[in-house]
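Report on the structure given below.
Computed from the coordinates by the stated procedures, all read-outs in this text should not be read as laboratory data. On a predicted model such as this, the values are computed, not experimentally measured, just so you know. Here the Cβ positions follow ideal geometry from the backbone for every residue, glycine too, while neighbour counts run over all protein chains shown.
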Amino acid sequence: MTNDVLARREAALTILGQLVAFDTESSRSNLPLIDYIESYLSDLGVASLRLPNATGDKAALVASIGPTDRSGVCLSGHTDVVPVAGQSWTSDPFKLRVANGKAYGRGTADMKGFCAVALAHVPLFKATGLKTPIHLVFSYDEETTCLGVKEPIARMGRDMPAPRAVIVGEPTMMQAADAHKSVVIFNTDVSGTEAHSSKPELGASAIEGAVMLMSELYRIRDEMVARGDPSGRFSPPYTSIHIGEVLGGTARNIMARLCSFFWEFRGVPGLDTNEIPARLERHAREVVVPHLRANGSHADVKTVCEISVPGLAPDPGSAAESLALRLVGRNRAITVPYGSEAGHFQGAGLPTIVCGPGSIDQAHQPDEFITLEQIDVGCAFMRGLAEWCASGE
Ligand SMILES: [Zn+2]
């Protein structure tokens, strides 16, 4: 191993240690971490811009290296991590521990490892004389609503030239991933009218309404399974629908006034994300509510979309795919099983690929880690990117 590889690994690990030390669980402020990145960049002579959230307790950060009048390559990472509560860790999750060729700590794989590798190469990006600029985006709330990247995206093409390629550094073992499903999560509340169970004609059971709606969801689910996945890229090869939680009723002999259920779908590319909620809504309006209102005039159904993460549709031959495949030395893109911010970038018309160090198998787990080998592969990617951006190709 050359001294150069070791030096870059050390630089990335030093920054990773700093990033891991900030507890940026999505419920907490990420501002101390943003302060750190801001001053790190500023010490290198790189200006950055903060984009705070509505309450001011979190912020995204964007920075650019290279010419400001040309379309560049955007490296995007989220700064928040999932909680450690209830997990059994061998050591402090917020203190980087390097042992047996692995760096342990919350966020090392998902995805402070990528952020650290990118930041460690800012001096190289600066020194290389880029003809194509490199943009850095650090977002928040990815693990909850996936909306903390919307502001940085809104600037692209408005306050700066739209990037020609976006690389979202979620852990893919440094393979280029060009597809993932959408993830859309809902809460449906059914309200009825309470009555004694011996007098069903005096009430409307919210549980009955909920069961009718859940049956309809499973009917739609069967249809989605039959419809399948035209792209042939996903496992399972269809849009899945899942009901995860049902809450309702107060006593065995009372017709329930309220029943709520939480459900989601994970859609293959090409699925209109409005289709399933619109069909459920129509069933509620045309069948369930009239049925309940026969004996309970206040009966109603309300469905709220809580989280909507758009899918990433394959875009063969896109600038992002070509660049990423070239830099990772592969000739085919892969599919990933999780949602990411990539669909938001793609939805804004920006060619986007998911590619980052570490494995999703370790993400969200106790004793989360990234191997030093993956850090090295990530560093090689950044070096290749710097060379490509210097070539002005
Ligand atoms: Zn992530």
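Odds and ends about this structure:
- Condition check for ASP35 on (1) assigned to a loop (DSSP other than H, G, I, E, B); (2) without any contact (Cβ under 8 Å) to a residue 12 or more places away in the chain; (3) not aliphatic (A, V, I, L, M): one failure, at (1).
- Taken as a whole, the range 2-25 holds no residue that is more than 28 Å from VAL377 (Cβ to Cβ) and either outside any helix (DSSP H, G or I) or in contact with a helix residue (DSSP H, G or I) (Cβ under 9 Å, 6 or more places away or on another chain) (or both).
- Options GLY311, GLY296; residue that is more than 25 Å from the chain's Cα centre (by Cα) and of a type outside the set (Asp, Glu): GLY296
- Residue that is farthest from the ligand (Cβ to nearest atom), among those in the range 82-102 that are touching a residue at least 12 places away in the same chain (Cβ under 8 Å) and more than 30 Å from MET1 (Cβ to Cβ): SER88
- Residue that is farthest from the chain's Cα centre (by Cα), among those in the range 129-153 that are among the β-branched types (Val, Ile, Thr) and within 16 Å of the ligand (Cβ to nearest atom): VAL137
- Residue satisfying all of: in the range 360-387; within 16 Å of the ligand (Cβ to nearest atom) and out of contact with any strand residue (DSSP E or B) (no Cβ under 8 Å at 6 or more places or on another chain); nearest to GLY72 (Cα to Cα) among these: GLY378
- Out of THR55, THR24, one residue alone is surrounded by fewer than 14 Cβ atoms within 10 Å (Cβ to Cβ), of a type outside the set (A, V, I, L, M, F, W, C) and either out of contact with any Pro (no Cβ under 9 Å at 6 or more places or on another chain) or under 16 Å from THR108 (Cβ atoms) (or both). It is THR55.
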